[in-house]
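Asks: Below is a structure I'd like to ask you about.
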Amino acid sequence: LGDFEYKQNKQLPPVEQKVSPLPECRICQRDPSKDELLILACDGIWDVMTNEECCDALRELLMEGERDMGLVAEECLMMCLDKESKDNMSAVVVAFPAAKYGQGRGVAARVEAREARQRAEDERSGGGGR
């Protein structure tokens, strides 16, 4: 699973190395009337966001009108890049029936705003393109 430089101790089994292939798992009693999202992500996400920060950020995306969980997961990765995550990142987001949605253009509006900021920055720096 990578990070081989942290798995060099031949005296230890894989789960006892500095980086373990053993995932952190929690079993939680579900409440279908309250459960909104499930986020399955690797440490590149959790290195720069707490569970609560990630949940709040993804709820905000839903309140901005986004309903495509693939785009929600992709925007989560973009947020982590903005926070300078340096590790591998992947995420799966599942919306449960209790998820709340607002109105708006969701991720598309954020992408347009990010691209506009980049164009303005390019123009200020004198570079016309990428």
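The values are calculated or read from the model by the stated rules, or taken from the named source; none is laboratory data. From a predicted model like this one, the values you see are computed outputs, not experimental measurements. All Cβ positions, even for glycine, are placed from backbone atoms using ideal geometry, and neighbour counts span all protein chains on display. Just the protein is used for accessible areas: all its heavy atoms, side chains included, with ligands, DNA and RNA removed. Shrake-Rupley method; radii C 1.70, N 1.55, O 1.52, S 1.80 Å.
Asks: Per-residue HN-Hα couplings for segment 30-45, Karplus 6.51 cos²θ - 1.76 cosθ + 1.60 at θ = phi - 60°, whole Hz, x for Gly and Pro?
Replies: Karplus values, whole Hz, x for Gly and Pro: 7, 10, x, 7, 10, 5, 9, 9, 10, 10, 10, 9, 8, 5, x, 7.
Asks: If you roll a 1.4 Å probe over the chain with all protein chains in place, what percent of the accessible area is carbon or sulfur?
Replies: 53
Asks: Restricting attention to segment 1-66, which trypsin sites (Lys or Arg not before Pro) occupy a DSSP loop and are surrounded by at most 12 other Cβ atoms within 10 Å?
Replies: Filter output for segment 1-66: 10, 18, 26, 30, 34.
Asks: Using the 2.2 N^0.38 Å rule of thumb for compact globular proteins, work out how the chain stacks up: its C-alpha Rg over that value, please.
Replies: Dividing the Cα Rg of the chain by 2.2 N^0.38 Å gives 1.33.
Asks: May I pose another question? Given axes a ≥ b ≥ c from the Cα gyration tensor, I'd like to know whether segment 37-92 is rounded (a/c under 1.5), prolate (a/b larger than b/c) or oblate.
Replies: prolate
Asks: Now a separate question. Please calculate how many Å² of accessible area the chain carries per residue, with a 1.4 Å probe and no DNA, RNA or ligand atoms counted.
Replies: Details: 9370 Å² over 130 residues.
So the chain comes to 72 Å² accessible per residue, rounded to a whole number.
Asks: Moving on to the next point. What list of ³J(HN,Hα) couplings, whole Hz, do you get for segment 84-96 from phi and the Karplus terms 6.51, -1.76, 1.60, once you set θ to phi - 60° and write x for glycine and proline?
Replies: 6, 4, 10, 9, 4, 10, 8, 8, 10, 10, 10, 9, 8
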